[in-house]
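Below: the structure, in structure tokens.
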Ligand SMILES: Nc1ncnc2c1ncn2[C@@H]1O[C@H](COP(=O)(O)OP(=O)(O)O)[C@@H](O)[C@H]1O
Ligand SMILES: [Mg+2]
């Protein structure tokens, strides 16, 4: 469903991504784990067609992100690191607006908005002003806008950052509940996040993929050669001990 081949991205002199290759199967939840500055957001912006690669080929659902960016955006939902919410709008109104600009037919908008509000636990705040919502609810609005056009692919950039533990659990459950029906990539800088939600994990560091495993495999490797890997994980700030 997602193919990334030898992707490199330079910002001026800075090589943010260095020859990154991976793919994601349909229905899979892939975790993108790495410390700040590793290149997670850059990869996600390229996958969603918001940023172009320097070299390499990236395809989503068979569409090239450079040549067919409109199609890519049509089949992809994106939760950016900071969600550009319209703070003065009410939740229902905002989601209707997002549905409209994503090309949903007028007579389908109401149903889609009702569905995503139900799905994301937003029914009780449907008529509240977004700017007055808690961080947890705002994040759910972010996820709701990402799925309002029923995309096959979902790209979530640090979906639980800044949430309290209860909100974190709720958002993780929401993401897990979408497993199988959509292909999902989520990024995070903390190890427990991927263990709880993902089936496969890529570890990215300084723009390179340095490891790939299942969450169980990663934990097993951590236990087996604990001292070295714990030190590595600590250096990468993936665990807080
Ligand atoms: N627009 C930009 N211009 C210049 N450098 C950038 C830009 N965006 C990100 N970078 C740099 O690229 C590297 C990767 O950043 P990013 O993809 O945001 O990493 P992450 O999301 O893993 O924290 C970092 O060194 C960052 O400072
Ligand atoms: Mg980032």
Next item on the list: Just need a number here: residues in the stretch 137-166 that are part of a helix (DSSP H, G or I) and either within 16 Å of ligand 2 (Cβ to nearest atom) or surrounded by 18 or more Cβ atoms within 10 Å (Cβ to Cβ) (or both).
Entry: 11
Notebook entry, point to check: Taking residue 121, is it surrounded by 15 or more Cβ atoms within 10 Å (Cβ to Cβ) and at positive phi?
Noted result: yes
Check: Of all the residues that make up the stretch 49-76, how many are at pLDDT below 95, surrounded by 19 or more Cβ atoms within 10 Å (Cβ to Cβ) and not in a helix (DSSP H, G or I)?
Finding: 1
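The values are calculated or read from the model by the stated rules, or taken from the named source; none is laboratory data. As the structure is a computational prediction, the values presented were derived from the model and not from experiment. For neighbour counting, all protein chains shown are included, and Cβ atoms are generated from backbone atoms with ideal geometry for every residue, glycine included.
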